[in-house]
Amino acid sequence: MIKELLIERSLPELLSFCDGRKVTKENWDERRTEIIDLISGEYGSLPEKPLSISFRTASEEKQFCAGKARLTKTMLTSTLAGGGEFTFPVYSVIPKKQGKLKTFILINFRDSVPDRYLPSEELCDLGYAVHSFCYTDVSSDDADYNNGLAKFYCGEEGNSKRGKIALWAWAAMRVLDFVLTLPETDKENIAVAGHSRLGKTALLAGGLDTRFSAVYSNNSGCSGAALSREKNGERIEDILTGFPYWFKQSYDAFSEKEHTLPFDQHFLLALTAPRKLYIASAALDGWADPVSEFLAAAAASPAYELLGVKGLITNAVLPKENELFHKGNIGYHLRSGTHYLSRYDWNAFAKFIEKA
Ligand code: GCU
């Protein structure tokens, strides 16, 4: 059934170059570069790496969560390649524990810690360090290009140059720069996570930056984990009506013309191969379309297999509610309930990360 459903979508071939050549394990890096170029037609390209980056502790709470952890606020200042400096805050909850800590970087909607999408104490009890930042501290979630990082990169050209998702993804990479300098970080175990529009952002950041060992996208839907071809719920024309400034202007050409896209969202997912990727859907989230998210995970799997690991391991039928797909390097679950980043989602993702 999954195979048939995928055939009906008529997806562009993941393992063929645009010129028709076959993709092999040996030339995968070349294909990765081609895919990055293709999807830059959707999100734009990210700002350049900063020339340098510095960190300043702004505040510290030594007895956070009954003394189990430290909570710090750190200001990250990047010296930008095109001139200028850009600063934004990161909030870190570091459990007081011996040894190296597995780490999550959460791109969040708010800067509160804990937050309804950030169960700090529970994650601390599971042994994770969690670093979060609020996306609007990077640039506002609207078409104003004169605030935050946008004023250096979008300016008068607006989103004809690049969209906001790319800016938020760049910021997640800067948090990674910071986290890699901390002595307690387990450098082999750093995941980037986000929900909804920030799940789209996590997929882009984690797909592009191979220093992330895992990527977690929760209910990211349209122009995130879900396939665009034959998608239900939100479609490209809807997202471009509500949020044109998330994307590069060239994406407009595919509104109501999904079949002409030279890629589909499984290309974005495949950029994480062979690292761990987790896609979570919610049963009542028809706008995001769980079936299209699940099928994209299946469609990205051949890239994993090419690189010698399993992608999504599933039988031939669509997932049942609360069934966990944790065996391959692409994990998936369909939580019951609505659009939300819940404890259930965090626990399932942590369980997936734990497995060898
Ligand atoms: C809107 C948008 C979605 C997005 C969501 C969110 O519903 O249409 O694409 O994922 O907001 O970020 O909450």
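The values are calculated or read from the model by the stated rules, or taken from the named source; none is laboratory data. Please read all numbers here as calculations on a predicted model, not as lab measurements. Ideal geometry is used to build each Cβ from the backbone, glycine not excepted, and the neighbour counts take in all protein chains shown. Ligands, DNA and RNA are stripped out before the accessible areas are found, and what is left, the full protein with its side chains, is counted by its heavy atoms. Shrake-Rupley method; radii C 1.70, N 1.55, O 1.52, S 1.80 Å.
Restricting attention to segment 165-213, and to residues there that are in a helix (DSSP H, G or I) and basic (Lys, Arg), which single residue is nearest to the ligand (Cβ to nearest atom)?
Looking at the filtered set, the residue picked out is ARG197.
Just checking, how many residues over segment 16-39 are touching a residue at least 12 places away in the same chain (Cβ under 8 Å) and touching a Lys or Arg at 6+ places or on another chain (Cβ under 7 Å)?
Matching residues across segment 16-39 total 2.
Scan segment 338-346 and give yes if some residue there is away from the ligand (no atom under 16 Å from the Cβ), open to solvent by 50 Å² or more (accessible area, probe 1.4 Å) and assigned to a loop (DSSP other than H, G, I, E, B), otherwise no.
No; the residues of segment 338-346 include none that is away from the ligand (no atom under 16 Å from the Cβ), open to solvent by 50 Å² or more (accessible area, probe 1.4 Å) and assigned to a loop (DSSP other than H, G, I, E, B).
Can you tell me which residues in segment 24-44 are of a type in the set (Val, Ile, Thr) and either within 17 Å of the chain's Cα centre (by Cα) or crowded, with 16+ Cβ neighbours inside 10 Å (or both)?
If the condition is that a residue be of a type in the set (Val, Ile, Thr) and either within 17 Å of the chain's Cα centre (by Cα) or crowded, with 16+ Cβ neighbours inside 10 Å (or both), then ILE35, ILE36, ILE39 are the ones that fit.
Yes/no per residue for (1) part of a loop (DSSP other than H, G, I, E, B); (2) touching an Asp or Glu at 6+ places or on another chain (Cβ under 6 Å):
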site	(1), (2)
SER40	no, no
ILE53	no, yes
ALA58	no, no
THR77	no, yes
GLY82	yes, no
PHE86	no, no
TYR91	no, no
LYS97	yes, no
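Considering only segment 221-246, state which residues are more than 20 Å from LEU11 (Cβ to Cβ) and either modelled with pLDDT under 95 or out of contact with any Gly (no Cβ under 7 Å at 6 or more places or on another chain) (or both).
Correct list: ASP238, LEU240, THR241, GLY242, PHE243, PRO244, TYR245.
Output the residues belonging to segment 310-327 that are under 20 Å from ASN347 (Cα atoms) and not in a strand (DSSP E or B).
Correct list: LEU312, ILE313, PRO319, LYS320, GLU321, ASN322, GLU323, HIS326, LYS327.
Can you find even one residue in segment 163-172 that is touching a residue at least 40 places away in the same chain (Cβ under 8 Å) and β-branched (Val, Ile, Thr)?
Scanning segment 163-172 turns up at least one residue that is touching a residue at least 40 places away in the same chain (Cβ under 8 Å) and β-branched (Val, Ile, Thr).
Out of the residues in segment 243-300 that are over 17 Å from the mean Cα position of the chain (by Cα), polar (S, T, N, Q) and away from the ligand (no atom under 16 Å from the Cβ), which is least open to solvent (accessible area, probe 1.4 Å)?
SER250
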